Amino acid sequence: MHRQNHSDVLIVGGGIIGIACAYYLMKAGRQVRIIEQAQIGAGASHGNCGLVFLSHLIPLCAPGVILHELKRMFRRTSPLFIKPSLNPQFLSWLIQFARHCNRKHLARVVRARANILLSSERLFNRLFTGEELKCNWEKRGVLLVYQSAAAMKKYAKINQILEPYGLAAKPYIGQALRELEPAISDRVHGGWYHHNNSHLRPDALLQAWKKTLIKNGVDIVENCQLQGFVNENEQLTSAVTSCGNLTAEQFVLTTGAWSTQILSPLGIKLPLQAGKGYSITTDRPSICPQIPCIFEEKSVVATPWSDGYRLGGTMEFSGFNADMVGARLNGLKVGARQYLKNPLGKQIHEEWVGMRPLMADDLPVIDRAVGIKNLVVATGHGMMGISMAPATGKLVAELVTGKSPHIDPAPFTMKRFL
Ligand SMILES: Cc1cc2nc3c(=O)[nH]c(=O)nc-3n(C[C@H](O)[C@H](O)[C@H](O)COP(=O)(O)OP(=O)(O)OC[C@H]3O[C@@H](n4cnc5c(N)ncnc54)[C@H](O)[C@@H]3O)c2cc1C
């Protein structure tokens, strides 16, 4: 095999998780190559809302979710939509998801998410002071906004759970909320302000990070699709790709929602489904929020940047596809209109759909693959891939280099499903 086809580590998948893994592996002195079937950031990492949402410790599979969501989740315009399906993998995922909607699991997830998110926050701070990564990173907090007093009151219980981690929010009602964020409409009841959260522009972060990696010798190969692995005695010897066979000592799989179809031929079946989300990117509305806002009742997020603005959200389970449903895209505008004086900029720059990789227990898998000695898998970050990326990358680098992990890796093992 020609030396050019060989690297210490071959990362498959150039989303935020693959890029973060490459960075920490490069820092650990490894020679790294990333292959990406399209372009860096072609998947879920491109058009998402860009929140580094530290305080989001509660998983999607929380107690009571099934009952609460059941009524609205089969409606086509609903922010949470489940397309009726008899697909056995999806049904099995749904059953596992439902089984995790309990208090014991909630406590486990909250601890695990706090660990990985607080570590990511520290690493983001270091990253943005140590490297020149222009991506509109700002610490303006995140505001959860409510139309109804009852919905706002419900969050008080969640806020209590966040307190021990220093991640609780402060309530603002009526005029106090509008003084904090003048873009909020007069019809809104109140909001919870998580002052220590931050946000960034994900597409800009990916491009800037990519440049840093290339400058530091990481080989990034775009338009190169993994087609399979050569597995000899539980050891991968090469990756078969559309640009030839590539060998490496260690392989890292960061293919997001595509991961199940790649892992399945290796005998690994993970309960992962694509949770589709939408976004609309525009110029800044004339009255633009200063703080990123989440309109929880409508599952819509409004993220402002100095050079743009994005509405994003919805969670749609309709199989593995990037079909764009106009009604759901429109739902973002309709939802935001109920909370903001001016919900959208005049110029639409992009309408986008992306597939979140969502595990049935809403925790990522960051672990050595069961039954394969030299493959590490980092996938299933669901709604939190941007927020969890740095700690994921660091943990993957530790797994590959055999260093002791900087956070407890137990909640992220693959064995929990196999
Ligand atoms: C609407 C929306 C809003 C969101 N908002 C936020 C937010 O505010 N904060 C937050 O933290 N998270 C948010 N997320 C979640 C976040 O976007 C994801 O968790 C994250 O992008 C997942 O990153 P990833 O690298 O695992 O996957 P991806 O970005 O999807 O990357 C996987 C890559 O692998 C490539 N690939 C697949 N198969 C192959 C193959 N065979 N060969 C080579 N390459 C391959 C794909 O092309 C893709 O580029 C949001 C998601 C959506 C949809």
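The values are calculated or read from the model by the stated rules, or taken from the named source; none is laboratory data. Quick caveat, the model's predicted, so the values are computed rather than measured. All Cβ positions, glycine included, derive from the backbone under ideal geometry; neighbour counts span all protein chains shown.
For the range 227-260, a residue qualifies if it is more than 8 Å from the ligand (Cβ to nearest atom), within 25 Å of Phe90 (Cα to Cα) and either loosely packed, with under 14 Cβ neighbours inside 10 Å or of a type in the set (Lys, Arg) (or both), and exactly one does: Gly228. Can you spot a residue in the range 385-393 that is of a type outside the set (A, V, I, L, M), in contact (Cβ under 8 Å) with a residue 60 or more places away in the chain and assigned to a strand (DSSP E or B)? Looking through the range 385-393, none of the residues is of a type outside the set (A, V, I, L, M), in contact (Cβ under 8 Å) with a residue 60 or more places away in the chain and assigned to a strand (DSSP E or B).
When you look at Val334, is it closer than 30 Å to Ala150 by Cα and over 17 Å from the mean Cα position of the chain (by Cα), yes or no?
Working: closer than 30 Å to Ala150 by Cα: yes; over 17 Å from the mean Cα position of the chain (by Cα): yes.
The answer is yes for Val334.
When Gln160, Gln175 are checked against the criterion of being over 17 Å from Ile291 (Cβ atoms), modelled with pLDDT of 95 or more and more than 20 Å from the chain's Cα centre (by Cα), Gln160 stands alone in meeting it.
Any idea which residue in the range 310-343 is nearest to Asp203 (Cα to Cα), counting only those that are hydrophobic (A, V, I, L, M, F, W, C) and crowded, with 19+ Cβ neighbours inside 10 Å?
Taking the range 310-343 first, the residues hydrophobic (A, V, I, L, M, F, W, C) are 311, 315, 317, 320, 322, 324-325, 327, 329, 332, 334, 336, 340.
With crowded, with 19+ Cβ neighbours inside 10 Å added as a condition, the list becomes 311, 315, 317, 332, 336, 340.
Working: Leu311: 15, Met315: 20, Phe317: 24, Leu332: 20, Ala336: 22, Leu340: 25 Å.
Checking each candidate, the answer is Leu311.
The set of residues in the range 116-133 that are assigned to a loop (DSSP other than H, G, I, E, B) and at pLDDT 95 or above contains only Leu133. Here Glu297 meets each of (1) in contact with a helix residue (DSSP H, G or I) (Cβ under 8 Å, 6 or more places away or on another chain); (2) in a helix (DSSP H, G or I); (3) modelled with pLDDT of 95 or more with one exception, condition (3). When the residues of the range 33-59 are filtered to those that are assigned to a loop (DSSP other than H, G, I, E, B) and among the β-branched types (Val, Ile, Thr), the one that is farthest from the ligand (Cβ to nearest atom) is Ile58. Please indicate, with yes or no, whether at least one residue in the range 13-24 is more than 7 Å from the ligand (Cβ to nearest atom) and aromatic (Phe, Trp, Tyr). Scanning the range 13-24 turns up at least one residue that is more than 7 Å from the ligand (Cβ to nearest atom) and aromatic (Phe, Trp, Tyr).
Looking only at residues in the range 205-226 that are part of a helix (DSSP H, G or I) and touching a helix residue (DSSP H, G or I) at 6+ places or on another chain (Cβ under 9 Å), the one that is surrounded by the most Cβ atoms within 10 Å (Cβ to Cβ) is Leu205. For the range 104-112, the count of residues that are part of a helix (DSSP H, G or I), surrounded by fewer than 18 Cβ atoms within 10 Å (Cβ to Cβ), more than 18 Å from the chain's Cα centre (by Cα) and of a type in the set (Gly, Ala, Ser) is at least one.
Within the range 398-412, the set of residues being closer than 11 Å to Asp367 by Cα, more than 16 Å from the chain's Cα centre (by Cα) and either among the hydroxyl-bearing types (Ser, Thr, Tyr) or not in a loop (DSSP other than H, G, I, E, B) (or both) comprises Glu398, Leu399, Val400, Ala410, Pro411.
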